[in-house]
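Down below is the structure, laid out as structure tokens.
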Amino acid sequence: MDCLKALHAGLRVGGILIVTVRPREFISSRGIEFRNLPDHEIDNLLGRFDDGQYVHIPYVMEPVGGEIPYGDTAIPEQYILNHWQSVFDVIDFSPFLADPMQISVILRKKQ
């Protein structure tokens, strides 16, 4: 959420922000770090995604400053509608043509 707040702070009121998020299919197709998880964990993550929860798996790497700052994340539309609309109007969700494992989210900064 800190990243989203920083992007929000850098926009003028009415400014447009376009981000991409991973869809449910990224989990079920076992993209990147998800490929290493057993079936029951994939099923659990899919259930969480279907319940509108943010799903994140950190990369297998050495921590940087005590944290692992990178990973794979899938964010359902419902999560965005529930958590981001306090500061952004959600304009659209659309396929990201350059990568079928991403969805473009078009946001407009609220006052």
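Observations
- Under the combined filter of DSSP loop state and at most 10 neighbouring Cβ atoms within 10 Å, the stretch 1-82 retains these trypsin sites (Lys or Arg not before Pro): Arg12.
- Packing here is the average count of other Cβ atoms within 10 Å per residue, and on that basis the peptides 54-63, 97-106, highest first, run 97-106, 54-63.
- Taking every DSSP helix (H) stretch of at least 4 residues in the chain, weighting each as -39,500 (n - 2.57) and dividing the sum by the residue count yields a mean residue ellipticity at 222 nm of -7500 deg cm²/dmol.
- Top positive-direction residue, dipole computed over the chain with Cβ charges, set Ile27, Gln111, Thr73: Gln111
- A simple count of charges around Arg12, restricted to other residues whose Cβ falls under 12 Å of its Cβ and scoring Lys, Arg +1 and Asp, Glu -1, yields +3.
- In degrees, nearest ten, helix 39-50 long axis to first principal axis of the chain (Cα): 20
- Charge dipole of the chain (Cα centre as origin; +1 on each Lys and Arg Cβ, -1 on each Asp and Glu Cβ, all else neutral): 580 debye, rounded to the nearest 20.
- From the coordinates shown, volume of the Cα convex hull per residue in Å³ corresponds to which of [x] 135; [y] 225; [z] 115: [z]
- Percentage relative contact order, the stretch 3-97, counting C-alpha pairs under 8 Å, at least six apart: 27
Each reported figure results from applying straightforward, stated rules to the coordinates on display, with no laboratory input. Only a predicted model underlies this, so the values are computations on that prediction, with no experimental measurement involved. All Cβ positions, even for glycine, are placed from backbone atoms using ideal geometry, and neighbour counts span all protein chains on display.
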